[in-house]
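Report on one structure; see the data block that follows.
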Amino acid sequence: MTLRIALSKGRIFDDTLPLLAAAGIRPSESPETSRKLILPSQSGDVEFLIVRASDVATYVQHGGADLGVVGKDVLLEHGGEGLIEPLDLGIASCKLMVCGPPELDLSQKHRLRVATKYTHCAREHFAATGRQVEIIKLYGSMELAPLTGLADVIVDVVDTGNTLRANGLEALEHVANSSARLVVNRVSMKISHASIAPIIERLRAAVAAG
Ligand code: ATP
Ligand code: PRP
């Protein structure tokens, strides 16, 4: 049976390809130039599903894919139901942070307005510290929200901090660390253990080899 691996284009794909290649798994054509959403592998026993980064966990949870590579930020937001997370791939490292104008006092009394695509993580983070917030769902360009008065702060991923600096914002509070994880559908792990276990072990060796 052909195993399906869900991947998103962009930074996760670029960083995952060398690890998959070290594990003997290579796409038969470049996902950057192909318009196909299912790409066969050269060996034929695996195929790649090209999905949005925030949809990888959903595909693997519901069995649309057997395996996937997904940021821990997306997993935290998704909740991880139906998934096994056997391996930290150590790539696409970033931090989920509360960000806003420099020196904004986050303990101010009024209900903070928080713009984010990580609504679940943001709600949990502020609830854990007893702060009432209004969550405003956005899908991208979150840095615009405090600049336009749409929100007081954002919850977004930060790596170099360049995007924040370019927009006059700064990281104010840490929410979680993130890096890309291999995830496996719980049922696939049982049914296809003989073919999935070697892939996990070869990827583990590729990650350890750096
Ligand atoms: P979608 O297309 O579903 O909205 P996205 O635009 O966030 O998702 P990418 O930008 O490719 O997709 O990010 C994929 C993953 O890479 C994120 O879930 C996160 O784990 C990580 N990531 C995002 N931004 C950065 C960054 N600037 N540096 C390092 N890792 C990052
Ligand atoms: C992500 C994130 C920040 C930026 C942070 O955006 O949403 O805007 O990276 O990285 P930095 O700290 O190194 O500047 P991305 O580049 O993925 O674009 P997107 O808004 O399309 O997701």
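Multiply the residue separation of SER34 and ASN167 by 0.36 nm, subtract the distance between their alpha-carbon atoms, and state the gained length in nm to one decimal.
Length gained between SER34 and ASN167: 44.4 nm.
Which value in Å is the Kirkwood Rh of the stretch 46-87 over different Cα pairs?
10.3
On average, how much accessible surface per residue is there in the chain, in Å², for a 1.4 Å probe, leaving out ligands, DNA and RNA?
Result: 51 Å² of accessible area for each residue.
Would you mind calculating the relative contact order of the chain from Cα pairs under 8 angstrom and at least 6 residues apart, reporting the percent as a whole number?
Reported as a whole number, the value is 27 percent.
Starting from the Cα-Cα distance between VAL187 and GLU103, subtract it from 0.36 nm times their residue separation and give me the gain in nm to one decimal.
Taking 0.36 nm per residue and subtracting the Cα distance, the gain is 25.5 nm.
If you line up the Cα atoms of the stretch 3-153 on their principal axes, what length do they span on each, largest first, in Å?
Principal extents (largest minus smallest coordinate, Cα): 59, 31, 23 Å.
With only Lys, Arg, Asp and Glu charged, each at its Cβ (+1 for the first two, -1 for the last two), find how big the charge dipole of the stretch 160-210 is about the Cα centre; round to the nearest 20 debye.
In debye, rounded to 20, the stretch 160-210 gives about 300.
Please compute the contact order of the stretch 94-176 in relative form: average sequence separation of alpha-carbon pairs under 8 Å and at least six residues apart, divided by the residue count, as a percent.
The normalised contact order for the stretch 94-176 reaches 49 percent.
For n ≥ 4 DSSP H runs only, could you compute -39500 (n - 2.57) per run for the chain, divide by its residues and tell me the 222 nm figure to the nearest 500?
-9000 deg cm²/dmol
Ordering ASP73, ASP14, ASP159 from largest to smallest accessible area (1.4 angstrom probe), what's the sequence?
If we order ASP73, ASP14, ASP159 from most to least accessible, we get ASP159, ASP14, ASP73.
Could you work out the pair-distance distribution P(r) of the stretch 94-176 from its alpha-carbon pairs, with 10 angstrom bin width and percents rounded to whole numbers?
Binned Cα distances yield the sequence 20, 60, 20, 0.
State the volume of the convex hull built on the alpha-carbon positions of the stretch 78-127, expressed per residue in Å³ and rounded to an integer.
123
Could you tell me what percent of the accessible area of the chain is made up of carbon and sulfur, with a 1.4 Å probe and every protein chain present?
51
Lysine pairs, Cα distance under 30 Å, 8 or more residues apart or cross-chain: how many in the chain?
19
The values are calculated or read from the model by the stated rules, or taken from the named source; none is laboratory data. The structure presented is a predicted model; accordingly, all values stated were derived computationally and were not measured. We place every Cβ from the backbone using ideal geometry, glycine too, and count neighbours over all the protein chains shown. For accessibility, only protein heavy atoms count, side chains too; no ligands or nucleic acids. Shrake-Rupley method; radii C 1.70, N 1.55, O 1.52, S 1.80 Å.
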